[in-house]
Structure formats: C-alpha cells, structure tokens
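See structure below.
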Amino acid sequence: RASRRLVLVVVFVALLLDNMLLTVVVPIVPTFLYTTEYEGANSSVAPTQTEPAPPALKAPPPFSSTFSYLDNATVTVSGSTSAVDLANGTESGRPLQPPASSPPVPSSCLEGEDFLAKENVRVGLLFASKALVQLVVNPSVGLLTNRIGYHIPMFIGFVIMFLSTVMFAFSGTYTLLFIARALQGIGSSFSSVAGLGMLASVYTDDFERGNAMGIALGGLALGVLIGAPFGSVMYEFVGKSSPFLVLAFLALLDGALQLCILQPSKISPESTKGTPLSTLLRDPYILVAAGALCFSNMGVAMLEPTLPIWMMQTMCSPKWQLGMAFLPASISYLIGTNLFGILANKMGRWLCSLLGMAVVGISLLCVPLAKNIYGLIGPNGGLGFAIGMVDSSMMPIMGYLVDLRHTSVYGNVYAIADVAFCMGFAIGPATGGAIVRAIGFPWLMIIIGVTNIAYAPLCWYLRNPPAKEEKIVRL
C-alpha cells in the first residue's frame, strides 16, 4: 500500500477505463442512431407502400387465365401468346427491378443526406455532454480533494463510471445515451482530477513525476487506442451491448484494485492549504499551458463525431472501418506519451509542446485529402503522436508551475488541467457538428488546424517561468 508503483497502476487502470468508454461509443453512436431512427422510420413506411401491391397481383388472373405463366411478371397481356409478346412482357417487367436493387450500392453513401447532416449536430452534442458536465464538476472535485484527500474521490469516480457503462449497454434511445454520457462526465471528473493529483503528490521529484505522468497518460492513450476499434468490431459482429458489458466487468476489477490498495474509507486531507482556484486561474503561465492542452485535444475531439459520418458519406465505409480510422492516432499517441514523458524533460517541455501543436495543425489540414481509409493513416498517425507530445509535456508542467510559483497542493491545478482538456472535448464536438453542417468537413479541419499552428508560438513563454521568490526580489 505504501508503494508508489501500485498507486501508478491504479491511476493507469482508471484512466484506461475512462478513455475506453470515451471512445468506444465513437463508431457505435452514429451508425446506431442511423439504423434505429432513419432506417427504422423507412421500414415502418415501407409496409404501407407494399400492402396495396397484393391486390394488383391477384387482379390479373381473370384477364389472363390462359396465360397463367405470366402472373409472376405482374404485367397485363392483351392478345396473342407469341414469343415477341412474351419477350416484351419480360422486358417491360424487368426495368421495374433494377431501380429498386441498383441504388442501394451507391446509396450506402448518399441515402439520408439530410438526416446525416442533422446527425452531425446531434452526435456532436451527445459527445460534448460528457465534457460539459465534467467542466462544471471539476472545480468542486479539486476543492474536495484538498479537504478529504484523493482516495475517496477516486472510488466515487469508479462507482459512477460503472453505472454509466451499464446504462450505455442497455440504452436504446438518443435521450438515454445522452444521460449515460453526461453521467460518465461526473465519474471521469472524480477519477482524473483525483488520480493526477495523487500522482503529483506521490512523485515529488520533477523528473520522476514527468515519467510517472507519461506512464499514466499511456493508460489514457491505451484506452483511446483500444476503444474505437474494439467498439466498432464488437458492434458489427456481436451487438451494441457487448463492448459496454466487457467494460463494466473491467470497471469492477478496477474497483476491487482500489479497495485493496487505496483504502478509500480513510480521509486524508492535505496538511497545507492549497492555492485558491481563482489565484491559479490568474497565473498567465498556467493559462498558456491549459490553452495548449485545450486546442491540441480539440482537434481530435472535432474528428470524433464528424469523421465517421464523413466516411459514411464519401467513402461508403462499413461499420468496422469507422472505429479503425482512429487506430493510427491511438497507436501513435501511446508511443508519443511514453517517449516524450522522458524526452520532453531533456529537450525542454516548452519546445516539445510547441512542435507538437504545429504538427497537430499540419495533420488536421491533411485529413480531408484522404480518399479512403488508408489515406487517413498518415494524418491520424501524425495527429496522435503530436497530441502525445503536448499532453506528456503540459501535465508535468502544471505540477511544476504550482511548485515554482504557488503552494505544492495539486488538486486545484489538475482540476484546471482537466477543465482545459474538457473544454477541448466540449467545444470541439458541439461546434464541429454545426460547422460541418454549415460549411463542410474540409473547412472544419482548416479552421482547427490553423488555430493550433497560430497558438504554438505561445508555448515559448513556458521556457523559463519565474519563481515566486524571483518575483519578490524584483519587486
């Protein structure tokens, strides 16, 4: 229980589950809503059109009793039984079939264009609900961790996350999915703020903390990595509930792990009073670091609801491909966080973040150039790697800035870091769907790509932030 590595394992597993649940819905929700609402509505209309048809099939026999072999052709024959007439009858009957059977091939892309355009907005709001709720809850969790410690909030996060996962498994309507997603935001807030704050308090050395944060963010990356492909494959071949039931089982294992290691019944408030949230929010260096986290993650947040629908419209992609498109981003993010958790401290975290944001922008500009799923490998891979560079640099910098300029209590500063992360995932999907509907997917990528490139130079200010003592000496 005194082992720092076991604490790291608990935080790693909590972030893994949170982010698996975050991304497992990405390929499922657009296709599930399309199947249940658009195709469901069409299939309920179809019987009313096909029911009048049987009388037409029954009517011909009195008129063609000697030509009973033509009944199946559903065509009225008047007169002779010549081979020419028979050929005409079959030819006139045949053209009725191709229009019904041939459009579905291209219409897998084009059918329901208006529905898909509206769905961009609805799916965007559904995905954003988690981050919006998390945004509201985070400051309260930051204050709570200062008063009762990190262990109990971590366990509360697990309980709420488990309930959200079970609700996702059995929700069949947009409203219930929306509630489950919002509930996840509350659980995620408890898990991530308490988890990162706990790590920062256990790993006091700046270099060790950087490495630990890199490993913990590897859990986040692994969740993102497994989530979307796992969700799309399970949904395609097993059913909607299956991926969520697997996650619910893993969440129970995480809860058991927390009970064994963290003893969440024990209240352990911080010995010193932390810097107020309002003071931290006025610190320009903390705001620059928070902005880097927000804008770099906003890029992938905008892709989550819009890329699957864009692929359905332009590439005719099957369900399993909608999740697989995010696989390169997830693998490269996993590599980026683990690699730069160590390298960022040597090359300068500010430089690592600056380069990362520039690469994020360039990668986003390249996404609309893809013509098929293979064309997305390069841009999405670059995007994941670059976001890994930014996250693994900025998370330790948040703890370092508090040590350097404020009191070394980390609940509030990681609440700010999580708020920044959530703002990206709230603003991104909510505005992304509306922008796609208004001006199209390529323009959305240009807007967020240019924003990242323009913000990157601000990371230079984190090169050598002044300490509190230095400020006093200058005054």
(message) Looking at Ile226, Ile215, can you tell me which residue is of a type in the set (Val, Ile, Thr) and either over 17 Å from Val193 (Cα atoms) or out of contact with any helix residue (DSSP H, G or I) (no Cβ under 8 Å at 6 or more places or on another chain) (or both)?
(response) Ile226
(request) Report whether or not Ala182 is hydrophobic (A, V, I, L, M, F, W, C) and open to solvent by less than 10 Å² (accessible area, probe 1.4 Å). (result) no
(message) So Val450 ticks every box in (1) out of contact with any Gly (no Cβ under 7 Å at 6 or more places or on another chain); (2) open to solvent by 50 Å² or more (accessible area, probe 1.4 Å); (3) farther than 29 Å from Pro139 by Cβ but one. Which box is left unticked?
(response) (1)
(message) If a residue must be surrounded by fewer than 22 Cβ atoms within 10 Å (Cβ to Cβ) and of a type in the set (D, E, K, R), how many such residues does segment 129-151 contain?
(response) 1
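Every residue, every condition in (1) more than 30 Å from His151 (Cβ to Cβ); (2) modelled with pLDDT of 85 or more; (3) more than 20 Å from the chain's Cα centre (by Cα), yes or no:
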residue	(1), (2), (3)
Ile362	yes, yes, yes
Gly375	yes, yes, yes
Pro379	yes, yes, no
Met394	no, yes, yes
Val402	no, yes, yes
Ser408	no, no, yes
Lys468	no, no, yes
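Let's see how each residue does on (1) open to solvent by less than 10 Å² (accessible area, probe 1.4 Å); (2) part of a loop (DSSP other than H, G, I, E, B); (3) within 15 Å of Gly341 (Cβ to Cβ):
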{"position": "Phe385", "(1), (2), (3)": "no, no, yes"}
{"position": "Asp391", "(1), (2), (3)": "yes, no, yes"}
{"position": "Pro396", "(1), (2), (3)": "yes, no, yes"}
{"position": "Leu404", "(1), (2), (3)": "no, no, no"}
{"position": "Ala415", "(1), (2), (3)": "yes, no, no"}
{"position": "Ala426", "(1), (2), (3)": "yes, no, no"}
(message) As an exercise: evaluate Ala434 against (1) free of Cβ contacts under 8 Å to residues at least 12 places away in the same chain; (2) farther than 24 Å from Met398 by Cα and give the number of the one condition it does not meet.
(response) (1)
(request) Name every residue in segment 324-374 that is within 26 Å of Gly440 (Cα to Cα), open to solvent by 60 Å² or more (accessible area, probe 1.4 Å), of a type outside the set (A, V, I, L, M) and part of a helix (DSSP H, G or I), in order of residue number. (result) Tyr374
(request) Could you figure out which of (1) under 19 Å from the mean Cα position of the chain (by Cα); (2) modelled with pLDDT under 80 isn't true of Leu135? (result) (2)
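Working carefully through the options Phe178, Phe158, find the one that is aromatic (Phe, Trp, Tyr), within 20 Å of the chain's Cα centre (by Cα) and over 28 Å from Met394 (Cα atoms).
Going through Phe178, Phe158 in turn, the sole match is Phe178.
The values are calculated or read from the model by the stated rules, or taken from the named source; none is laboratory data. These numbers were taken from a predicted model, which means no experiment stands behind them. In this analysis, Cβ positions are derived from the backbone assuming ideal geometry, glycine residues included, and neighbour counts consider all displayed protein chains. In case anyone asks, the SASA skips ligands and DNA or RNA and just uses the protein heavy atoms, side chains included. Shrake-Rupley method; radii C 1.70, N 1.55, O 1.52, S 1.80 Å.
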